[in-house]
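> Handing you a structure now.
The values are calculated or read from the model by the stated rules, or taken from the named source; none is laboratory data. Quantities reported herein were computed from a predicted structural model and do not represent experimental measurements. Reconstructed Cβ throughout: ideal geometry from the backbone, glycine too, with neighbour counts over all protein chains shown. Only protein heavy atoms, including side chains, enter the accessible area calculation; ligands, DNA and RNA are left aside. Shrake-Rupley method; radii C 1.70, N 1.55, O 1.52, S 1.80 Å.
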Amino acid sequence: MSSKYDVLVIGGGNAALCAAISARRGGASVLVLEGAPKFYRGGNTRHTRNMRCAHDAATEILTGPYTEEEFWEDLLRVTGGQTDEVLARHMISESKDILNWIVEQGVRWQPSLGGTLSLGRTNSFFLGGGRAMLNALYLTAERLGVDVEYDAEVTDLVIEDGMFLAARLKRPIRGETEIRATALVAAAGGFEANIEWLKQYWGEAADNFLIRGTPYNRGSILKMLLDKGVQEVGDPTQCHAVAIDARAPKFDGGIITRHDSVVFGIVVNKHAQRFYDEGEDIWPKRYAIWGRLVAAQPDQIAYIIFDSTVVTSFMPTLFPPIAGQTVAELAGKLELDPIALEKTITEFNAAVRPGTFDHTILDDCVTEGISPPKTHWARKIETPPYLAYPVRPGITFTYLGTRVNKEARMLMADGKPTGNMFAAGEIMAGNVLGKGYAAGMGMTIGSVFGRIAGREAAKHARN
């Protein structure tokens with residue numbers, strides 16, 4: 001391994017690999033520093049399934065067009081307008097080419113998976129999932145001559161007047177060293193695995209959060225960059241957070257712990273009270289709000305309640321539902337007040353109005369006279385056995401990050417672009433995602449800005 005490269009990429013997931021390949025194809029010598037061991041390489045990409053890209057027509061794996069304008073409207077809706085429109089529209093435009101570019105790097109697609117996310121028109125699914133995608137990108141990078149170092153903990157970044165000079169590195173066997181490079185791409189993720197950092201914004205509630213992805217995203221590179229004058233972007237309390245099974249492990253539970261059953265029942269807190277409209281919008285545009293909703297409940301715990309009529313309507317998870325032949329029996333197993341749960345379900349059932357159920361559209365199955373309402377997909381819970389999933393907030397990635405421009409170049413606190421520092425992926429996702437989320441968007445941000453960052457870093461190195 002050389003101690004001087006044209007481009008140094010810190011991180012080992014989708015964004016980092018897209019940057020490394022793009023830079024290498026641009027003629028640069030490239031080193032990738034992955035903080036995790038080789039088996040756990042790839043950050044959160046290991047747990048992904050798909051990517052959301054704009055396209056003008058149906059393809060072999062997509063059922064219809066998804067225009068740039070529709071993509072923009074979806075992003076505007078889920079973020080509530082909290083997005084950098086120039087950057088977001090640039091990403092959406094560039095995403096059209098990513099569908100083909102990523103295939104040229106060895107990644108393969110498959111027809112969309114079933115289940116309640118209904119993404120066959122908008123999202124492209126990786127054949128073999130995120131790990132297969134990662135393996136393809138690593139293979140391509142290595143064949144192109146990209147150097148990769150695992151277990152590579154960066155302990156310091158040497159930055160002077162907005163110019164990256166070197167990274168100090170600690171490795172388990174070969175000890176400490178310094179890597180110099182003409183340009184830096186930071187693609188090392190957010191800080192979601194750093195519970196102490198989360199506690200600064202969430203307090204003791206963060207102890208009850210589960211981390212869906214890698215335990216290695218502790219935000220050390222993000223903190224170094226911000227401490228050295230890079231401009232921050234994003235609300236530190238905002239994140240991609242979903243409701244995952246409360247029985248999941250603290251880290252790395254992945255997609256098989258996520259629950260997609262919310263729209264088919266009701267959700268109650270530890271006091272057996274409903275607290276939000278379970279039928280507000282189509283699930284792909286609302287699944288990522290439920291982590292924050294549960295985080296705001298007492299003890300950060302909630303329960304998805306449904307009955308036996310819907311058990312085949314959604315993708316099953318790793319954990320079986322908890323069952324009771326009566327509502328009272330189910331309440332006992334959940335350690336909820338049986339009288340309170342009976343009252344909640346009885347009031348909900350009485351409020352349900354007749355309609356034609358269809359979970360793929362905003363149907364006319366609604367409640368009347370209760371708060372919160374259920375504005376779509378409301379059906380009575382009355383056929384035993386009664387079933388429940390306990391859920392907690394599952395954090396995927398945080399939105400606090402580094403501000404960038406259309407070249408993926410980081411900006412300093414005074415607003416001026418850095419000389420040779422670029423960012424891609426979750427570490428800069430807050431530019432596009434001020435809040436909220438839509439399925440597959442994290443991979444789009446990583447691939448698009450990774451490709452741009454690598455290209456621009458190589459261009460800088462050549463000049």
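> Being in contact with a Gly (Cβ under 7 Å, 6 or more places away or on another chain) and modelled with pLDDT of 95 or more is true for just one of Ala132, Ala166, Ala136. Which residue is that? Reasoning before the result, please.
Details: Ala132 fails: in contact with a Gly (Cβ under 7 Å, 6 or more places away or on another chain); Ala166 fails: in contact with a Gly (Cβ under 7 Å, 6 or more places away or on another chain).
Going through Ala132, Ala166, Ala136 in turn, the sole match is Ala136.
> Can I ask one more? Here are some residues: Ile301, Ile244, Ile305. Which one is open to solvent by 10 Å² or more (accessible area, probe 1.4 Å) and touching a residue at least 40 places away in the same chain (Cβ under 8 Å)? Break it down stepwise before answering.
Values: Ile244 fails: open to solvent by 10 Å² or more (accessible area, probe 1.4 Å); Ile305 fails: open to solvent by 10 Å² or more (accessible area, probe 1.4 Å).
On inspection, the qualifying residue turns out to be Ile301.
> Turning to a different aspect of this structure: Could you look through the stretch 247-271, keep only residues that are under 15 Å from the mean Cα position of the chain (by Cα) and in a strand (DSSP E or B), and pick out the one that is surrounded by the fewest Cβ atoms within 10 Å (Cβ to Cβ)?
Within the stretch 247-271, the match that is surrounded by the fewest Cβ atoms within 10 Å (Cβ to Cβ) is Phe251.
> Scan the stretch 444-463 and give yes if some residue there is farther than 15 Å from Asp84 by Cβ, open to solvent by 10 Å² or more (accessible area, probe 1.4 Å) and polar (S, T, N, Q), otherwise no.
Yes, the stretch 444-463 has at least one match.
> So, in the stretch 169-198, of the ones that are within 14 Å of Pro393 (Cα to Cα) and not β-branched (Val, Ile, Thr), which residue ends up surrounded by the most Cβ atoms within 10 Å (Cβ to Cβ)? Let's see the steps before the verdict.
If we filter the stretch 169-198 for residues that are within 14 Å of Pro393 (Cα to Cα), which is where we start, we get 192-193, 195, 198.
Right, trim to not β-branched (Val, Ile, Thr) and you get 192-193, 198.
Working: Glu192: 29, Ala193: 23, Leu198: 23.
The residue in question is Glu192.
> A follow-up question, please. Filter the stretch 360-378 for residues that are surrounded by 19 or more Cβ atoms within 10 Å (Cβ to Cβ) and in contact with a helix residue (DSSP H, G or I) (Cβ under 8 Å, 6 or more places away or on another chain) and give the result.
Thr367, Lys374, His376, Trp377, Ala378
> Let me ask another. I'm trying to understand the selection: among the residues of the stretch 74-104, which are touching a residue at least 60 places away in the same chain (Cβ under 8 Å) and open to solvent by 60 Å² or more (accessible area, probe 1.4 Å)?
Arg77, Gln82, Val86
> Pairs, please: C-beta under 8 Å, at least 6 apart or cross-chain, first residue under 15 Å from Phe275 (Cβ atoms) and among the polar types (S, T, N, Q) and in the stretch 329-346, second open to solvent by 80 Å² or more (accessible area, probe 1.4 Å) and modelled with pLDDT of 95 or more?
The qualifying pairs are Thr344/Gln273.
> Of (1) of a type in the set (Gly, Ala, Ser); (2) open to solvent by 10 Å² or more (accessible area, probe 1.4 Å); (3) outside any loop (DSSP other than H, G, I, E, B), Gly415 satisfies all except one. Which?
Checking Gly415 against (1) of a type in the set (Gly, Ala, Ser); (2) open to solvent by 10 Å² or more (accessible area, probe 1.4 Å); (3) outside any loop (DSSP other than H, G, I, E, B), the one that fails is (3).
> Name the residue that is farthest from Pro249 (Cα to Cα), counting only residues in the stretch 194-209 that are among the aliphatic types (A, V, I, L, M) and out of contact with any Phe, Trp or Tyr (no Cβ under 8 Å at 6 or more places or on another chain).
Filtering the stretch 194-209 for residues among the aliphatic types (A, V, I, L, M) gives 195, 198, 205-206.
Next, from what is left, pick out any that are out of contact with any Phe, Trp or Tyr (no Cβ under 8 Å at 6 or more places or on another chain): 205-206.
Details: Ala205: 17, Ala206: 15 Å.
Here the answer is Ala205.
> Further, regarding this structure: Taking into account only those residues within the stretch 379-410 that are within 24 Å of Glu94 (Cα to Cα) and touching a Ser or Thr at 6+ places or on another chain (Cβ under 7 Å), which is least open to solvent (accessible area, probe 1.4 Å)?
Taking the candidates together, the pick is Met410.
> Return the residue satisfying two criteria in turn: it lies in the stretch 204-219 and is open to solvent by 10 Å² or more (accessible area, probe 1.4 Å) and within 19 Å of Gly43 (Cβ to Cβ), and of such residues it is nearest to the chain's Cα centre (by Cα).
Residues of the stretch 204-219 open to solvent by 10 Å² or more (accessible area, probe 1.4 Å): 204-205, 207-208, 210, 212, 215-218.
Next cut, within 19 Å of Gly43 (Cβ to Cβ) only: 210, 212, 215-218.
Values: Leu210: 14, Arg212: 9, Pro215: 14, Tyr216: 15, Asn217: 13, Arg218: 15 Å.
Out of the qualifying residues, it is Arg212.
> Hand me the list of helices (runs of 4 or more DSSP H) wholly inside the stretch 286-353 holding 1 or more residues that are under 27 Å from the mean Cα position of the chain (by Cα).
Working: elements: 290-295, 327-334, 338-351.
It comes to 290-295.
> Checking the structure you have, find out if any residue of the stretch 206-220 is of a type in the set (A, V, I, L, M), at pLDDT 95 or above and in a strand (DSSP E or B). So that I can check it myself, show each step before the final result.
Initial filter on the stretch 206-220 (of a type in the set (A, V, I, L, M)): 206, 210-211.
The next check asks that each one be at pLDDT 95 or above; those that pass are 206, 210-211.
Next cut, in a strand (DSSP E or B) only: 210-211.
Yes.
Condition check ((1) open to solvent by 20 Å² or more (accessible area, probe 1.4 Å); (2) more than 19 Å from the chain's Cα centre (by Cα); (3) within 23 Å of Arg286 (Cα to Cα)) across all residues:
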| position | (1), (2), (3) |
| --- | --- |
| Arg25 | yes, yes, no |
| His47 | yes, no, yes |
| Met51 | no, no, yes |
| His55 | no, yes, yes |
| Trp72 | no, no, yes |
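> I'd like to check something: does the stretch 374-389 contain any residue that is more than 15 Å from Ile266 (Cβ to Cβ) and touching a Cys at 6+ places or on another chain (Cβ under 6 Å)?
To start, the set of residues in the stretch 374-389 that are more than 15 Å from Ile266 (Cβ to Cβ) comprises 384-385.
Checking which are touching a Cys at 6+ places or on another chain (Cβ under 6 Å) leaves us with none.
No, the conditions are met nowhere in the stretch 374-389.
> Name, by its number, the condition in (1) open to solvent by 30 Å² or more (accessible area, probe 1.4 Å); (2) of a type outside the set (Gly, Ala, Ser); (3) touching a residue at least 12 places away in the same chain (Cβ under 8 Å) that does not hold for Leu222.
Going through the list (1) open to solvent by 30 Å² or more (accessible area, probe 1.4 Å); (2) of a type outside the set (Gly, Ala, Ser); (3) touching a residue at least 12 places away in the same chain (Cβ under 8 Å), Leu222 breaks only (1).
> For the stretch 60-69, check the following and say yes or no: at least one residue is out of contact with any strand residue (DSSP E or B) (no Cβ under 6 Å at 6 or more places or on another chain), surrounded by 20 or more Cβ atoms within 10 Å (Cβ to Cβ) and free of Cβ contacts under 8 Å to residues at least 40 places away in the same chain.
No: the stretch 60-69 contains no residue that is out of contact with any strand residue (DSSP E or B) (no Cβ under 6 Å at 6 or more places or on another chain), surrounded by 20 or more Cβ atoms within 10 Å (Cβ to Cβ) and free of Cβ contacts under 8 Å to residues at least 40 places away in the same chain.
> Among all residue pairs at least 6 apart or on different chains, which show Cβ distances below 8 Å where the first residue, located in the stretch 181-193, is within 19 Å of Pro249 (Cβ to Cβ) and free of Cβ contacts under 8 Å to residues at least 60 places away in the same chain and the second is open to solvent by 10 Å² or more (accessible area, probe 1.4 Å) and in a loop (DSSP other than H, G, I, E, B)?
The qualifying pairs are Ala193/Pro215; Ala193/Tyr216; Ala193/Asn217; Ala193/Arg218.
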